[in-house]
1. Tell me which trypsin sites (Lys or Arg not before Pro) from region 134-182 have a DSSP coil assignment and no more than 13 other beta carbons within 10 Å of their own.
2. What length, rounded to one decimal in nm, is gained on full extension from Lys257 through to Val287, with 0.36 nm per residue of separation minus their alpha-carbon distance?
3. Hey, can you rank 230-239, 89-98 by average C-beta count inside 10 Å, highest first?
4. What number, rounded to the nearest 500 deg cm²/dmol, is the helix-based mean residue ellipticity at 222 nm of the chain, given -39500 (n - 2.57) per DSSP H run of at least four residues and division by all its residues?
5. What distance in nm separates the simple spin-label points at Ala115 and Lys136, each placed 7 Å from Cα in the Cβ direction?
6. Provide the packing ranking of 59-70, 315-326, i.e. peptides ordered by the mean count of other C-beta atoms within 10 Å per residue, highest first.
7. What fraction of the DSSP beta bridges in region 46-164 is antiparallel, stated in percent and rounded to the nearest 5?
8. Looking at region 89-235, what % of its DSSP beta bridges pair antiparallel, to the nearest 5?
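All of the numbers you see were taken from the coordinates with simple rules; none came from a lab. This one's a predicted model, so the numbers in the text were calculated from it and none came from an experiment. Here the Cβ positions follow ideal geometry from the backbone for every residue, glycine too, while neighbour counts run over all protein chains shown.
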Amino acid sequence: MRRILLAAAVTTAAALTLSACGTTEPAADKKDDKKSSEAINLTDGTGAKVKLDGPAKKVIATEWNIVEHLVELGVDPAGVSDIKGYKQWDQAVPLTGNPKDIGTRGEPSMDSIAALSPDLIVATTDLPAAAIKQLKEVGTVITLKPADAKDPFGQMTKNLDLLAQATGTTDKADQLKKDFDAKVEEGKKALADADLAGANLAFADGYVDGNQASIRPFTSGSLIGAVNEKLGLKNAWTVEGDPAYGLGNTDLEGLTKLPDDVHFAYIANKDDKSSTPFTGIFAKDKVWTSLPFVKAGNVHRLDDGIWMFGGTGSMSAYIDNLVKALTK
C-alpha cells in the first residue's frame with residue numbers, strides 16, 4: 001500500500017534579489033534594495049527558529065505538497081524529489097522552471113542538494129530526524145508538519161503561509177486563499193442546486209499487491225475529507241483515520257458498511273495499474289458488484305493527476321472534478 005507524500009517549504013538569499021531589481025528611479029532602487037535585504041525570522045512546523053537574510057529564491061523541496069505550494073506562489077523550485085512521480089501524480093499544478101531531481105521523497109540525495117547551493121531547503125516531519133539533521137549540514141532548513149487530522153485544511157494553509165513568508169510572496173498566498181474560498185462556494189452552490197447538499201460521500205483510493213487489494217478511506221480528518229465537508233457533503237466513512245493524514249484502512253467487505261445511497265469517489269492513475277482495483281480486481285467480484293451504490297452507478301473515478309495531499313491548486317481541481325461527476 002502506498003504511503004503519502006507530502007508537504008514542505010522555502011528559503012533564499014537577499015543578494016539574488018538585489019541584482020534582479022532594475023528601475024530608472026534611484027530612490028525606488030534604494031527602497032527595493034532595503035526591502036529585499038531585510039532579514040526574515042521564521043518559526044517552522046517543529047517550533048525551530050530560522051533566520052533568512054531575505055526572501056528565498058533558490059528553494060529545494062523534499063515533498064510534493066511543498067512543491068505545489070511553491071509553484072502556486074510563483075517560485076520555481078530549484079530541486080524536487082522524484083520529478084517523474086510528481087509529473088505522474090500532480091498534473092493539477094505542473095512544475096515550472098527547470099528543477100533538478102534530488103532523489104526520492106523518503107531518501108533525498110544530500111550530494112544532489114549540496115550541488116545546487118540552495119538558499120533554503122524545505123522538508124517535512126515525514127523524513128527521519130537523522131535525514132533532517134543531514135540536510136541542516138548542507139544548508140538552511142525549515143521543516144513543516146505535512147498534515148494534521150485535527151485541522152487538515154488549517155494545516156495546509158499554515159504551510160502555505162509559512163512558505164510565502166519565507167519567499168516574500170505573502171500577497172500571492174492571500175490571493176490563493178481568497179480564490180480557493182470562492183471555488184468552495186461555487187462548488188457548494190452547484191451541489192445544492194443539484195439537491196446534493198448533505199449527500200453521503202465516501203472518497204478512497206486503492207492498491208493491488210499480487211492478488212490482494214487494499215482500500216484506503218479518506219476520513220473527515222483527511223484534507224479531501226475537510227474539503228468535502230466545506231462543500232456541504234457528509235463523510236460516510238465510520239472507520240478511524242491516522243492522526244496525521246486522516247487515512248483509514250479497510251477491505252472489500254468494509255464497503256458493505258457504507259450507506260446504500262452513498263456516492264463513492266476515487267482517484268487512480270492510468271500509468272500505475274496497481275492503483276485501480278475498482279475497475280480491475282473488483283470488477284468481477286460478487287461483493288463489489290452487489291453493493292447498492294455500484295448497482296446504482298454511483299461510483300465516480302475522478303481525473304488522474306489530482307494530488308490528494310496537495311494545496312489549493314489540487315483541491316480546486318478536485319472540487320471541479322467532484323462537482324462534475326456528481327451532477328452529470
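1. Hits after loop and neighbour filter: Lys150.
2. Extra length available between Lys257 and Val287 comes to 9.6 nm.
3. Packing proxy ranking, top to bottom: 230-239, 89-98.
4. -11000 deg cm²/dmol
5. 2.6 nm
6. 59-70, 315-326
7. Taking every DSSP beta bridge within region 46-164, about 10 percent pair in antiparallel fashion.
8. Counting only bridges with both partners in region 89-235, antiparallel ones make up about 55 percent.
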